[in-house]
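The values are calculated or read from the model by the stated rules, or taken from the named source; none is laboratory data. Since this is a predicted model, take the numbers as computed values, not measurements. Neighbour counts are summed over all protein chains in view; Cβ atoms, including those assigned to glycine, are modelled from backbone coordinates with ideal geometry. Each accessible area value is taken on the protein alone, full model and side chains, heavy atoms only, with ligands, DNA and RNA left out. Shrake-Rupley method; radii C 1.70, N 1.55, O 1.52, S 1.80 Å.
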Amino acid sequence: MDDPFELLEEKVRKAAETVRRLRDENQALARERDDLQRRMATRLPLDKAPAGPSPADAARIESLNAELKHLQHEREQIRRRIASLLEVLEALDSL
């Protein structure tokens, strides 16, 4: 059977890796959303009136915003779990 500390270390490593991956995905989605919003702001129809997003762009922005919120929520859950693990580790240090 594996050492409990090794199992804990592995879980902390996996959590840290997940946080890094989610942060990278979050940043990529934010950049893509900003790019789409910038592209939409520069689009002008023939009559020069400000154009709204195309249906495809609007759907993509909505999808990106939903995914971004989901990733932020997931990241916050992981942060809470890591904080809980750190409290356990600190309690072990004080023994």
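Things worth noting here:
- Heavy-atom accessible surface of the chain: percent carbon and sulfur, 1.4 Å: 55 percent
- Relative contact order of the chain, pairs being alpha-carbon contacts under 8 Å that are 6 or more residues apart, as %: 35 percent
- Helix axis angle, 4-42 relative to the chain longest principal axis, alpha carbon, degrees: 10 degrees
- Förster radius 22 Å - calculated FRET efficiency between Val88 and Arg20 (Cβ-Cβ, nearest 0.05): 0.50
- Loop sites by DSSP among the trypsin sites (Lys or Arg not before Pro) of the chain, restricted to those with at most 13 other Cβ atoms within 10 angstrom, leave 49-95 as the longest stretch without any of them.
- C-alpha long axis of helix 55-93 to longest principal axis of the chain, angle in °: 20 degrees
- Packing-based order for 61-68, 82-89, using average beta carbon neighbours within 10 Å, highest first: 61-68, 82-89
- Extension gain for Arg80 to Glu32 (0.36 nm times residue separation, less C-alpha to C-alpha distance): 14.5 nm.
- Taking all protein chains into account, the per residue accessible area for the chain stands at 78 Å² (1.4 Å probe).
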